[in-house]
Amino acid sequence: MTKREDVGAWGEAIAAKHLTERGYVVRERNWRHGHGELDIVAQRGDTLIFVEVRTRRSDAYGRPQESISPHKRATLITTAQAYLEAHGLQDAQWQIDVIAIELDERNVASQLEHIECAIEG
């Protein structure tokens, strides 16, 4: 596992804990389809929430949420739709959120921002 993967996995664990503490049910983590991956699939009430987690140790290359390219946005939408189809949930309410995490030198979340409906599907 590379350092980048370590940071990503750590961020996803922090994000999953954040969601659970706020009443979300985490249904799946790292769901893959084709070339796409959903970091976290959660549910709150009747709504499925596909969560893209972005984690950084510094803002030298910008804030974590700024790192989502138009191509990545399109891939997230396509992968979310594939998840819905694979689970027979085409009529479900859904949204794509982003959780942006900045870690300090001890891998503690110094900043966490949960952006609801961050990517329009």
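The values are calculated or read from the model by the stated rules, or taken from the named source; none is laboratory data. As the structure is a prediction and not an experimental result, all values here were calculated from the model. When we count neighbours, we look across all protein chains shown, and the Cβ atoms used for this are built from the backbone with ideal geometry, even at glycine.
Determine if the range 77-90 includes at least one residue that is aliphatic (A, V, I, L, M) and closer than 13 Å to Glu12 by Cα. Reasoning before the result, please.
To start, the set of residues in the range 77-90 that are aliphatic (A, V, I, L, M) comprises 77, 80, 82, 84, 86, 89.
Right, trim to closer than 13 Å to Glu12 by Cα and you get none.
No; the residues of the range 77-90 include none that is aliphatic (A, V, I, L, M) and closer than 13 Å to Glu12 by Cα.
For Ala80, work out the one condition from (1) at pLDDT below 95; (2) among the small types (Gly, Ala, Ser); (3) part of a helix (DSSP H, G or I) it doesn't fulfil.
With respect to (1) at pLDDT below 95; (2) among the small types (Gly, Ala, Ser); (3) part of a helix (DSSP H, G or I), Ala80 is out only on (1).
What residue, among those in the range 87-113 that are touching a Phe, Trp or Tyr at 6+ places or on another chain (Cβ under 9 Å) and closer than 20 Å to Val25 by Cβ, is surrounded by the most Cβ atoms within 10 Å (Cβ to Cβ)?
Ile96
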